[in-house]
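To start, the structure under review is shown below, and the notes come after it.
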Amino acid sequence: MKVVTTLDDLRHARAGLLGPVGLVPTMGYLHEGHLSLATRARAECASVAASIFVNPSQFGPSEDLSSYPRDLPRDLAMLKEAGVDLVWTPTPEIVYPADFQSWITVEEVARTLEGAHRPGHFRGVATMVAKLFNVFQPDRAYFGQKDAQQAAVIRQMARDLNFPVEVVICPTVREPDGLAMSSRNAYLHGEQRPAATVLFRALSTAAAVYAAGERDAEALRQLMAEVIDSEPLARRQYVSVADPISLHELQGPIQRALLSMAVHIGTTRLIDNLILGDI
Ligand code: AMP
């Protein structure tokens with residue numbers, strides 16, 4: 001496995017990869033969720049590339065950029081084990097030189113949910129992913145359903161800007177108790193950890209009543225809110241029952257929906273989601 005930092009080294013190493021090339025972008029502090037993307041890429045592509053970069057432009061001023069967990073040696077060992085061929089670990093100065101001034105803004109699909117609560121987040125994500133697509137020129141890029149709106153924003157951007165990349169979305173990998181794996185789970189301490197299962201409990205409760213015939217969007221939202229509010233350590237930021245493609249909030253009877261939520265457990269902000277019905 002080759003590990004490079006500079007753009008010149010990356011371009012040189014990329015030129016030596018056999019196609020098709022699969023790309024797995026990450027912010028590091030890897031877990032089984034990230035590895036599931038690398039494993040899928042390994043199975044589908046001749047070469048697998050990954051990036052590890054905590055992208056400052058997708059963090060708000062009061063968010064956890066400086067405390068975001070990092071462990072590069074461990075991450076590299078895990079990527080090597082997963083059969084990754086090339087890893088880019090740039091510095092912020094390489095990605096955003098002093099005179100950087102070009103940004104990508106995805107509009108409609110980035111406005112709701114996470115976009116509404118994290119202003120500028122998807123501008124940072126879309127710009128970073130566009131740069132990754134340009135420098136790696138991957139045939140396929142692998143993202144997690146865990147970040148459902150991010151997946152929708154990247155799909156939209158790739159289509160709108162004619163990036164010749166197939167965007168592949170992989171299922172959310174969970175802990176045995178249902179908590180979606182996330183680098184931010186490292187922030188959870190003591191009784192916060194079991195409390196954090198409340199997101200999956202809320203989603204599962206909504207899925208169960210949907211399976212039993214409930215179709216009213218507001219009833220599903222209400223139910224998820226009640227489950228979250230029943231957990232003393234949880235503070236609900238939003239719960240949503242939205243169209244899985246447009247991400248517009250749904251009212252009345254639904255056929256299919258993206259259930260999603262953001263919940264604070266202490267100071268840790270967690271998100272999770274589930275799709276109901278066929279999309
Ligand atoms: P991050 O390092 O948090 O930026 O995540 C990098 C990629 O891994 C993104 O495409 C995420 O959606 C994906 N990812 C993160 N957590 C999970 C998970 N639990 N299951 C599947 N994919 C995940």
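The values are calculated or read from the model by the stated rules, or taken from the named source; none is laboratory data. From a predicted model like this one, the values you see are computed outputs, not experimental measurements. Here the Cβ is made from the backbone with ideal geometry for all residues, glycine too, and neighbour counts use every protein chain on show. What goes into the accessible areas is simple: the full protein's heavy atoms, side chains included, and nothing from ligands, DNA or RNA. Shrake-Rupley method; radii C 1.70, N 1.55, O 1.52, S 1.80 Å.
Observations
- Here's the picture: charge each Lys and Arg Cβ at +1 and each Asp and Glu Cβ at -1 in the chain, and of 82, 242, 69 the one pushed furthest to the positive end of that dipole is 82.
- Positive-pole candidate from 124, 179, 204, dipole of the stretch 101-211, charges at beta carbon: 124
- Beta bridges per DSSP, both residues in the chain: antiparallel share near 50 percent.
- Computed over protein heavy atoms with a 1.4 angstrom probe, the accessible surface ordering of 140, 236, 111, largest first, is 111, 236, 140.
- Selected from 156, 58, 101 as most flexible by GNM, with the chain as the system and alpha-carbon contacts under 10 Å: 101
- Cα gyration tensor shape of the stretch 2-170, rounded if a/c is under 1.5, else prolate or oblate by comparing a/b with b/c: rounded
- Spacing of the two label points (7 Å from each Cα toward its C-beta) at residue 225 and residue 66, in nm: 3.6 nm
- A 1.4 Å probe run over the protein chains yields, for the stretch 183-274, 44 Å² of accessible area per residue, whole-number rounding.
- The stretch 89-116 and the stretch 221-268: distance between their alpha carbon centers, rounded to Å: 26 Å
- Calculated [θ] (222 nm, deg cm²/dmol) that DSSP helices of n ≥ 4 give over the chain, each run adding -39,500 (n - 2.57): -10500 deg cm²/dmol
- Rounded, prolate or oblate (a/c below 1.5 giving rounded, otherwise prolate when a/b exceeds b/c) for the stretch 167-235 by Cα gyration tensor: oblate
- Spacing of the two label points (7 Å from each Cα toward its C-beta) at residue 80 and residue 214, in nm: 5.0 nm
- For the chain, the share of accessible area belonging to carbon and sulfur comes to 52 percent (1.4 Å probe, ligands and nucleic acids excluded).
- Given charges at beta-carbon only (K, R positive; D, E negative), |dipole| of the stretch 183-274 in Debye: 300 debye
- The candidates 18, 259, arranged from most to least accessible area with a 1.4 Å probe in the full protein assembly, appear as 18, 259.
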